[in-house]
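Down below is the structure, laid out as structure tokens.
Read the figures in this text as sums done on the coordinates, not as results from a lab. Quick caveat, the model's predicted, so the values are computed rather than measured. Cβ coordinates were reconstructed from backbone atoms using ideal geometry, including for glycine residues, and neighbour counts include every protein chain displayed.
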Protein chains: 2
Amino acid sequence: MSTVDAEALTAFCRDLFLAADAPAEVAAVVAESLVYADLRGIESHGVVRCEIYLERIAKGMVEPRAPVVLTKDEGVTGLVDGGNQFGAYVGVKALQAVTERAKRHGICALGVCHSNHFGTAAYYVERAVRDGLAMMVMSNASQTMPAAGGVRPFLGTNPLAFGFPGDREVPFILDMATSLVARGKIIMAAKRGEDIPLGWAVDKEGRPTTDAQAALDGAVLPMGGAKGSGLSMAIDIMSGVLTGAGFGPGVRNMYLDWQNPQNVGHFFLAIDIARFVELDLFKRRIGSFIDQLKAEPRAPGVEELLYAGEVEHRLQTKRQREGIQLADKLTADLKRLGEERGVAWPA
Amino acid sequence: MSTVDAEALTAFCRDLFLAADAPAEVAAVVAESLVYADLRGIESHGVVRCEIYLERIAKGMVEPRAPVVLTKDEGVTGLVDGGNQFGAYVGVKALQAVTERAKRHGICALGVCHSNHFGTAAYYVERAVRDGLAMMVMSNASQTMPAAGGVRPFLGTNPLAFGFPGDREVPFILDMATSLVARGKIIMAAKRGEDIPLGWAVDKEGRPTTDAQAALDGAVLPMGGAKGSGLSMAIDIMSGVLTGAGFGPGVRNMYLDWQNPQNVGHFFLAIDIARFVELDLFKRRIGSFIDQLKAEPRAPGVEELLYAGEVEHRLQTKRQREGIQLADKLTADLKRLGEERGVAWPA
């Protein structure tokens, strides 16, 4: 393990993408979104993705200079064509459009097509929440999960996220994959050479497995069986079918498919809270909800009842102060990527 | 078991509510929504609820003659005050308002407060889908589930529902509680005197239990642990905090609290698909998604991969033709309710 300062790591990643011909704005957003994930303990969506992102650029599978275009705009609804840009950059552009329109019109729903892996949904949700909006974000993803009753990957672990401002330092931010566990946790276990608990995934023949690599060749399982499977498909419909992006097998795997862009789709819904209730009252109600939660009796061994986003926010604060710990293999991979591009690893 | 014709059962229930001073429109909607649930195999939300609904009227806890009022209306957003009417009637009124506005403006989000138990969310979603809209419905509910890390009920099994039209007879309708299993399944098991599987619920001391009655005195568990807990809280925020309805412990239990109205909240989001993609193309894409699902390899013992709403729709068709089977105890209860009010049980 080595420890790296978050700001220095962000600058390093940004320079990697700059060296790969990404414009300054794009490189900065992608780097920030990756380090944001590492800060919040979602390492699966963090700088571990630098290598594949760079490879996607190199092979022409991601176009870091493409414009992101609002192809339909009717104020309260719209469509964004990501132009096969980096997902994080497409996401930020969509976020800016959806928040501006929600503030003006009270609500806005934007569909996004021709995007790529956009990192953690929380990255967008938190920005909207800091802006005083209620936010829902969905995305589809390439196939990693069998549908209920199936044996091989058919659906993505399509995430669903909600965020709300409150009168506390830490906003409520739920960002959940529809798998029982995030696929990224298995990627990390495989990187670390560790086993995974039984029940997280099946191998490529559909058999339960504790082998992280076999699980990556196979499939993670939906949360709650048919419920998670149905929810993932609903998110795919909102993100893909509605937007013109890929859906189901039409969302390409960034690790396996070198012939086609991913064509990931997203769905952003922003709501101006004041259209329903005065914002300060809403925030106080959230605070009272949190107080009630914290006052609940706790199960044995539980020190505190936490709401969605608290664990991540605490890690973020700690890691911003103390730096981000990276596994040795990951550090070595990043250093190599830097050396190949003349980008110095942070001292 | 006895078998009752769906139409005759609906008329019977309607007459029960008419006898309890509900106007014709209210009685018809509430009866239809209950029988709809029975037809679709969601017996927990079916005519088993007649008795408690009638009791809530008798004790002044539900007001079947109250007006349902749109207290805020800005076209794309709005607030509905249910006036402590029956949830199903409030839901239908909100549905009418939200679909009409979504067709006019492209999208509409309505928050609903001062409502009651509104039955299955699918009842509203299916109507919107038949109308060519994409629909999301949420509701909060009284406390039956501990938050992650807690021991006693703090959150409702707050349902989340999505529906989309397709080029098939059966629309995609996902209607899921955020508990691992619907609390209603435990109510039915208790009515039948049956045990429940371990893992569905805890008793009132927070211990795992297979006793259905002990589970009802205790709590059902969220799906996916912290995920289901967070999702339930997010739904509560959209349905309760945002709308001015109760939230968390503020949503009253219709079986236990005879001092206060339930103050349930709902959230309806309707989307005009044509704002994003031509409706026929959307429907064909849904059809293609379904075809791909059906063509997937199946796990051993699985005859067909089903999408959300198919099981329910098949039951509905069968039961509309063959009648609805009711447990003897339930039939006896209904007959008694009819006798007390001079309403004849269907021959």
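For B:Asp211, inter-copy separations between label points set 7 Å beyond Cα along the Cβ vector come to 4.6 nm, shortest first. For the set A:Lys72/A:Lys93; A:Lys204/B:Lys283; B:Lys227/B:Lys283; B:Lys72/B:Lys93; A:Lys185/B:Lys227, the pairs lying more than 20 angstrom apart at their alpha carbons are A:Lys204/B:Lys283; B:Lys227/B:Lys283.
A point 7 Å from Cα along Cα→Cβ stands in for A:Pro67, and the other copies hold the same point at 5.2 nm, listed in rising order.
Most exposed first by the Cβ proxy, i.e. fewest other Cβ within 10 Å, how do B:Met233, B:Met61 rank?
B:Met61, B:Met233
In sequence order, segment B:8-14 has phi-based couplings of 5, 5, 4, 4, 4, 5, 4 Hz under the Karplus curve 6.51 cos²θ - 1.76 cosθ + 1.60, θ = phi - 60°, and Gly or Pro positions carry x.
Quick check: residue separation of A:Gln259 and A:Asp21 times 0.36 nm, minus the Cα distance between them. What number comes out in nm? Could you put the intermediate results ahead of the total?
Values: separation 238, 0.36 × 238 = 85.68 nm, distance 2.07 nm.
Separation in residues times 0.36 nm, less the Cα-Cα distance, equals 83.6 nm.
Computed 3J(HN,Hα) for segment A:148-165, one whole-Hz value per residue from the Karplus formula 6.51 cos²θ - 1.76 cosθ + 1.60 where θ = phi - 60°, is 4, x, x, 10, 10, x, 10, 10, x, 7, 2, x, 10, 9, 10, x, 9, x, glycine and proline marked x.
Take peptides A:74-86, A:7-19 and line them up by average Cβ neighbours within 10 Å, highest first, as a rough protection proxy. Could the numbers behind the result be given before it?
On the way: A:74-86: 23.1, A:7-19: 20.5.
In descending order of packing, they fall as A:74-86, A:7-19.
Mean partner shielding of peptide B:100-110, defined as the number of other chain Cβ atoms within 10 Å of each residue Cβ, is 3.
For segment B:1-107, the fraction of alpha-carbon pairs lying more than 24 Å apart is 32 percent, rounded to a whole number. A:Pro23 label point (Cα plus 7 Å toward Cβ) to equivalent points in the other copies: 5.8 nm, shortest first. Packing around the peptides A:278-286, B:22-30, taken as the average count of other Cβ atoms within 10 Å per residue, puts them in this order, highest first: B:22-30, A:278-286.
Stretching the chain fully between A:Val69 and A:Lys191 yields a gain of 40.2 nm (0.36 nm per residue, less the alpha carbon separation). Computed from label points 7 Å out along Cα-Cβ, the spacing between B:Val311 and B:Glu100 is 3.7 nm.
Which whole number gives the average, over all residues in A:163-175, of C-beta atoms from other chains lying within 10 Å of the residue C-beta?
Numbers: counts 2, 6, 0, 2, 0, 0, 0, 0, 0, 5, 2, 9, 1.
Mean partner-chain Cβ count within 10 Å for A:163-175: 2.
By counting other Cβ atoms within 10 Å of each Cβ, how are A:Val98, B:Val69 ranked from fewest to most?
Working: A:Val98 26, B:Val69 13.
The most exposed by this proxy come first: B:Val69, A:Val98.
Couplings 3J(HN,Hα) of segment B:78-95, computed from phi: x, 10, 10, 9, x, x, 6, 6, 4, x, 5, 6, 4, x, 5, 5, 5, 4 Hz, in residue order, whole Hz [Karplus 6.51 cos²θ - 1.76 cosθ + 1.60, θ = phi - 60°; x for Gly and Pro].
Which of the three applies to chain A, rounded, prolate or oblate, going by the alpha-carbon gyration tensor with a ≥ b ≥ c and a/c under 1.5 meaning rounded?
Numbers: a/c = 1.20, a/b = 1.13, b/c = 1.06.
Taking the square roots of the gyration eigenvalues as a ≥ b ≥ c, chain A is rounded.
Above 16 Å, the calculated P(r) of segment A:153-228 contains 53 percent of its Cα-Cα pairs.
Determine the gain in length on full extension of the stretch B:Glu303-B:Lys329; use 0.36 nm per residue of separation and subtract their C-alpha separation, reporting nm with one decimal. Intermediate values should be presented prior to the final figure.
Numbers: separation 26, 0.36 × 26 = 9.36 nm, distance 3.38 nm.
Gain in length upon complete extension: 6.0 nm.
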